[in-house]
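The values are calculated or read from the model by the stated rules, or taken from the named source; none is laboratory data. On a predicted model such as this, the values are computed, not experimentally measured, just so you know. Note: ideal-geometry Cβ built from the backbone for every residue, glycine included; neighbour counts use all protein chains shown. Heavy atoms of the whole protein, side chains included, go into the accessibility calculation; ligands, DNA and RNA do not. Shrake-Rupley method; radii C 1.70, N 1.55, O 1.52, S 1.80 Å.
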Amino acid sequence: IAKEVAKLLEMKAQLGGDEGKHKFVLKTPKGTRDYSPKQMAIRERVFNAIITCFKRHGAEVIDTPVFELKETLTGKYGEDSKLIYDLKDQGGELLSLRYDLTVPFARYLAMNKITNIKRYHIAKVYRRDNPAMTRGRYREFYQCDFDIAGQFDPMIPDAECLKIVHEILSDLQLGDFLIKVNDRRILDGMFAVCGVPDSKFRTICSSVDKLDKMPWEEVKSEMVGEKGLSPEAADHIGEYVQLHGGLDLIERLLQDPKLSQNKLAKEGLGDMKLLFEYLTLFGITGQISFDLSLARGLDYYTGVIFEAVLLQQENDHVEEPVSVGSVAGGGRYDGLVGMFDPKGRKVPCVGVSIGIERIFSILEQRVEASEEKIRTTETQVLVASAQKKLLEERLKLIAELWNAGIKAEVLYKKNPKLLNQLQYCEDTGIPLVAIVGEQELKDGVVKLRVVATREEVNVRRENLVEEIRMRTGKP
């Protein structure tokens, strides 16, 4: 062996030259991605639409650290806790990356003794999930959350959260969507009357939550086979979870001999009826469905829960539109803040999270398909010259424009050709060119050229800013 090793080492020495050189793997970590200027332009458009809506509803904005104490996050997410990213202990505090924006919000309320706030928060969260990046599932992704905390009359804030989802999805023009609504109390009441033992509520809940991805038969076999539920109880659940509708269904269930006997279910149905009355006043019940299969796996929900899905007509022959996945979700979580408060003081909360990554994947694919040209800068004007030796004049003029708040660029060349300057505008979508030449300087004017139509006008230097603003429609 020693002989062979020596031979190999000798060969390696002859090849040589590779000492100290480390070959880099050029990739982003699993489940993450970079965003190009074009992609960021689409993202910013989406963020702006969402923030505009949140502000229209009177929300303030907060921010929290990207990592929290590990114990803050532990035990808040049910079966999903295994997806939390723990940070290596550097001595001192045990930390984890935030998994969502709701638990940090609850910690913030308890820590600052806030009992009343309407806030939004847009930031990145982290999950050690198996990423499906084509569908907008990542390990690092943005969440856009809107929450109303405080003691109010039932269902008014809840109805506003649903209205917000409706406004955002309509505004982004993503196509047909449906907002499914249910209530944790109706679910728990239903489990009780179907004979599910208390200890199994949460785990059966997470099985029911899979009904949008799996057929009932598979969900049933998971409940019975893996989670030890009796087949009779599972069949009872099956009768309920396949129901969906509106006010008529709520009325029918309020008369249901079994459900109406259960205190929790009765409360939940009463509130659901109230919610639908408010949603009718907002004029959005057409896109809302009371759906008994909606469970949302997170442990902290206590009342109304909802989820928005986009519908896709796969082809003309299909009666039922197919869901392409959830783009928003949320619900009421009245106990979460109390978990952090030393005295257990509760702050009722209801909130919604917009699935920005899923929405973004859809819009990105749409832009790719339509080959729409996306501008990645907002430059209003390029300062150009037609003759040589005018760099100083170009810089003087561009400084005037920048100081007046105009978005302007100049090519970083002493004597660029006019054609190259015009071509640059064509390539980047800059609408105007301000041309300085010897004659213009003498006359105290600037030649303003409209790139699209090639029309040129002489504008007095002191009126240039006004003219650019008027022509670009930007303040």
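What to note about this one:
- Residue count for region 25-82, restricted to those that are within 30 Å of Ile204 (Cβ to Cβ) and assigned by the TED database to the domain that holds Arg296: 14
- Among the conditions (1) of a type in the set (Lys, Arg); (2) in a loop (DSSP other than H, G, I, E, B); (3) under 24 Å from Glu60 (Cβ atoms), Arg128 misses just one, which is (3).
- Taken over region 85-102, the criterion of being out of contact with any Phe, Trp or Tyr (no Cβ under 8 Å at 6 or more places or on another chain) and either over 21 Å from Ile50 (Cβ atoms) or open to solvent by 30 Å² or more (accessible area, probe 1.4 Å) (or both) is satisfied by Asp86, Lys88, Asp89, Gln90, Gly91, Gly92, Glu93, Leu94.
- Odd one out for Lys27 among (1) among the basic types (Lys, Arg); (2) outside any loop (DSSP other than H, G, I, E, B); (3) open to solvent by 90 Å² or more (accessible area, probe 1.4 Å): (2)
- Scan region 70-104 for residues that are in contact (Cβ under 8 Å) with a residue 60 or more places away in the chain and hydrophobic (A, V, I, L, M, F, W, C) and the total you get is 2.
- Single residue of region 168-198 satisfying the filter (of a type in the set (Asp, Glu) and either out of contact with any helix residue (DSSP H, G or I) (no Cβ under 6 Å at 6 or more places or on another chain) or over 21 Å from Ile288 (Cα atoms) (or both)) that is most open to solvent (accessible area, probe 1.4 Å): Asp198
- Whether a residue is surrounded by fewer than 19 Cβ atoms within 10 Å (Cβ to Cβ) and assigned by the TED database to the domain that holds Gly329 was assessed, and Phe201 passes this test.
- Of all residues in region 386-424, those satisfying the criterion of being assigned to a loop (DSSP other than H, G, I, E, B), more than 40 Å from the chain's Cα centre (by Cα) and surrounded by 15 or more Cβ atoms within 10 Å (Cβ to Cβ) are Ala386, Leu390, Pro416.
- Residue within region 151-167 that is in contact with a Cys (Cβ under 7 Å, 6 or more places away or on another chain) and either surrounded by 20 or more Cβ atoms within 10 Å (Cβ to Cβ) or within 27 Å of Leu292 (Cβ to Cβ) (or both) present: yes
- With respect to the stated conditions, Asn116 fails to be open to solvent by 10 Å² or more (accessible area, probe 1.4 Å) and free of Cβ contacts under 8 Å to residues at least 12 places away in the same chain.
- Boolean, Phe146 is surrounded by 22 or more Cβ atoms within 10 Å (Cβ to Cβ), in contact with a strand residue (DSSP E or B) (Cβ under 9 Å, 6 or more places away or on another chain) and of a type outside the set (Val, Ile, Thr): yes
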